[in-house]
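Enquirer: Below is the structure I would like to discuss, written out as structure tokens.
Nothing in this text is a laboratory measurement; each read-out follows from the coordinates by a stated rule. Bear in mind that the values here come from a model prediction, so they are computed numbers and not experimental data. Cβ sites come from the backbone with ideal geometry, for glycine too, and all protein chains shown count toward neighbours.
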Amino acid sequence: MLRVDPSPDGLCLAGVVDLSTREALVRGLAGLPCSDGDVHLHLDDVTFVDAGGVKAFIDLAVRLGPGRTVLLHAPPEGLRRLLQSMFAVPANLSVVS
């Protein structure tokens with residue numbers, strides 16, 4: 001199960017991002033405004049993100065383009081390790097705390 005709630009600066013996510021919940025994640029990311037400013041994804045209550053979820057975060061960073069950053073707040077350790085090991089992570093996708 002994945003809960004996707006809007007926040008003033010982006011989205012708050014809770015649960016698991018996997019094949020069964022990826023569509024909810026993609027819908028939430030697609031609904032973000034295309035205005036100026038960074039996008040904050042609060043992942044404090046996310047316990048797992050699969051490779052498809054990582055791709056969705058990367059796709060968002062690519063869609064936003066230069067000058068805007070996707071900030072992943074408190075991602076699960078597995079996501080941190082996966083991002084550190086990848087070569088194709090856009091410069092505007094960052095982990096915070």
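Enquirer: For the stretch 31-56, give me the residue count where each residue is within 16 Å of Ser7 (Cβ to Cβ) and not acidic (Asp, Glu). Spell out how you get there, then give the answer.
Expert: First pass over the stretch 31-56, keeping only residues within 16 Å of Ser7 (Cβ to Cβ): 31-33, 35, 37-46.
Of the ones still in play, those that are also not acidic (Asp, Glu) are 31-33, 35, 37, 39-43, 46.
Going through the stretch 31-56 one residue at a time, the tally reaches 11.
Enquirer: Moving on to the next point. Which members of the stretch 13-56 meet the condition of being touching a strand residue (DSSP E or B) at 6+ places or on another chain (Cβ under 6 Å), buried (at least 19 other Cβ atoms within 10 Å of the Cβ) and either of a type outside the set (Ser, Thr, Tyr) or touching a residue at least 40 places away in the same chain (Cβ under 8 Å) (or both)?
Expert: Leu13, Val17, Leu25, Gly28, Val39, Leu41, His42, Leu43, Val46, Val49, Gly53
Enquirer: Starting from the stretch 72-83, take each residue that is under 13 Å from Asp44 (Cβ atoms) and list its partners that are in a helix (DSSP H, G or I) and aromatic (Phe, Trp, Tyr), counting only C-beta distances under 8 angstrom and pairs at least six apart or across chains.
Expert: Between residues of the stretch 72-83 that are under 13 Å from Asp44 (Cβ atoms) and residues that are in a helix (DSSP H, G or I) and aromatic (Phe, Trp, Tyr), the close pairs are Leu72/Phe57.
Enquirer: Mind listing whichever residues of the stretch 64-97 are in a helix (DSSP H, G or I) and buried (at least 18 other Cβ atoms within 10 Å of the Cβ)?
Expert: Across the stretch 64-97, the qualifying residues are Leu64, Leu79, Leu83.
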